[in-house]
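Working notes for the structure below.
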Amino acid sequence: MGTELVEGLSSLRINKKPLMKRTTLLIAFFALVLLGGTIVKASGILKTQLMVTVRNDLGNIEQGAEVTLYGSIDDYNNEKNAIGPNKTNAKGKVRFIDLEQKAYYIVAKKGDKDNFLAGEKTDVLKSGRINQVTVIIQ
């Protein structure tokens, strides 16, 4: 009886091909997902953006504030070559799309409030990302 059991088990064949095929497909899928994100960034599909949030001196969001960007200190001082103005939405945010990878000067105004002397220059924007900054108007 013990011999028959061993002979029966030895005649059993485990088909490893479907398991290997599934493993290979899973590895290929994850590689595609990981590389796909890199390819999207490298191909420039996601443009360099800046999301500006405008708040007042109490920290409350400011809907309807006008936000203007300038690409250089000279443009900022002379108010020329402006990007915008764009108005903030109900969440106090405004987005600028397709920007260069550099620092920008921000002017935010609403009524008699503005951000003069309260954070006017961004850091150099990171390419292919949505960069974020908060500006206080007072």
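So here's what we get for this one:
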quantity	calculated
Failed condition for Thr134, given (1) modelled with pLDDT of 95 or more; (2) in a loop (DSSP other than H, G, I, E, B); (3) of a type outside the set (A, V, I, L, M, F, W, C)	(2)
Residues of segment 116-130 satisfying the condition of being in contact (Cβ under 8 Å) with a residue 60 or more places away in the chain and surrounded by 14 or more Cβ atoms within 10 Å (Cβ to Cβ)	Thr122, Leu125, Ser127, Gly128, Arg129, Ile130
Where Asn89 falls short, out of the listed (1) surrounded by fewer than 16 Cβ atoms within 10 Å (Cβ to Cβ); (2) part of a loop (DSSP other than H, G, I, E, B); (3) in contact (Cβ under 8 Å) with a residue 60 or more places away in the chain	(3)
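The values are calculated or read from the model by the stated rules, or taken from the named source; none is laboratory data. None of the values given here were measured: they were computed from a predicted structure. Positions of Cβ are generated from backbone atoms using ideal geometry, with glycine treated the same way; all protein chains shown enter the neighbour counts.
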